[in-house]
Amino acid sequence: MLRTLPRSAPAAMSFTRVSGLAGLGFAFLIVAGNAVLVPAGLPRTGAGIDEVDGFFRAHHDLVGIGSALTPAAWVLATVFGAGAVRALWRAEGEHGSAWALVGFAGLLLQNAAFAGVIAIRLALASTAADGVGADTGLWALHDALFTLNGTFLALALVGLSLGGLRTGLVRPWHGRWGLVSAALMLGSAGLTPWVVDRPGPLGLLGLAGWLTWVVWIVVYGIVLLRAEPGRPTGR
């Protein structure tokens, strides 16, 4: 008796394209999280403890709402990085390099560092709700972690930008954009003692790096969405 074969199901979306969507989602969530907290007056790095205490007393519920977005953002960042490694792996092997792994490590480390930042914010919000004043040492630790995280963002930018450039996955302007953003991030991280102790223009270095980082992620997500599964576009 002849068996009737089932109709073939539509081809599933490739992991590379899924990771491209994850990159776009990650960029959206980190911008949305800042759009919730920054207009409310989130204290800048190096802000005085009175300003910090006033913010967390007045907006402890808002801090919880903004922080609720971050676990999903970390998941999306991991999927994005894994997809970039998948897209670059074969071509990088032919070149004898592994810059994609450097970039992926940077993404994982920034997830861990920023988990510390968010945990401290939630701790300050929780104690403020109980009427306990903000702790100077805890806020200083927040600022140090927040600024030093630029090191890991720089690793992600350098690794995935160089990997993309060497294999032809990304366009030259996009790769150079990532390297400039990495330089801004690494410069800000290196100036952490002064950024934390002296709020002012030095903080703008990290802000510029963060803004260019978000643009870089969006463009990289689009690149992965358009990439042929399993190999770079060969530009």
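The values are calculated or read from the model by the stated rules, or taken from the named source; none is laboratory data. Model, not experiment: these values are computed from the prediction. For neighbour counting, all protein chains shown are included, and Cβ atoms are generated from backbone atoms with ideal geometry for every residue, glycine included. Quick note on the areas: whole protein, heavy atoms, side chains included, nothing else; ligands and nucleic acids left out. Shrake-Rupley method; radii C 1.70, N 1.55, O 1.52, S 1.80 Å.
What spacing in nm lies between the two simple spin-label points modelled at LEU179 and THR136, each 7 Å away from Cα in the Cβ direction? My value for the distance between the label points is 4.4 nm.
Work out the FRET efficiency for ALA47 and VAL218 from their Cβ-Cβ distance, taking R0 = 25 Å, and round it to the nearest 0.05.
0.30
Please state the shape class of the stretch 114-166: rounded when a/c is under 1.5, otherwise prolate if a/b exceeds b/c and oblate if not, all from the C-alpha gyration tensor. Note, shape of the stretch 114-166 comes out prolate.
Put simply, when 146-152, 110-116, 82-88 are sorted by average Cβ atoms within 10 angstrom per residue, most first, you get 82-88, 146-152, 110-116. Rolling a 1.4 Å probe over the protein heavy atoms of the stretch 93-235, with every protein chain left in place, gives an accessible area that is 70 percent carbon and sulfur. Under the simplified labelling scheme, the ALA129-LEU204 pair shows an inter-label distance of 3.8 nm, with each label point 7 Å from Cα along Cα→Cβ. Put the Cα centre of the stretch 139-166 next to the Cα centre of the stretch 65-89 and the gap is 14 Å. Here the spin labels are modelled as points 7 Å beyond Cα on the Cα-Cβ line, and at ARG171 and LEU211 they lie 2.1 nm apart. What you get for the chain, charging only the Cβ of Lys and Arg (+1) and of Asp and Glu (-1), is a dipole of about 1380 debye around the Cα centre. In the full protein context, the chain carries 50 Å² of accessible surface per residue, based on a 1.4 Å probe and ignoring ligands, DNA and RNA. In terms of its C-alpha gyration tensor, the chain has an oblate overall shape, because the principal axis ratio a/c (a ≥ b ≥ c, square roots of the eigenvalues) is not below 1.5 and a/b does not outweigh b/c.
Per DSSP H run of at least 4 residues, take -39500 (n - 2.57); add these up for the chain, divide by its residues and hand me the 222 nm value, nearest 500 deg cm²/dmol.
Values: 9 runs with 180 residues, N = 235.
-26500 deg cm²/dmol, from helical runs alone.
If you place +1 on the Cβ of every Lys and Arg, -1 on the Cβ of every Asp and Glu, and leave all else neutral, what size is the dipole of the stretch 12-125 about its Cα centre, to the nearest 20 Debye? Can you show the working numbers first?
On the way: 6 positive and 6 negative charges, 60 e Å.
Its charge dipole is roughly 280 debye.
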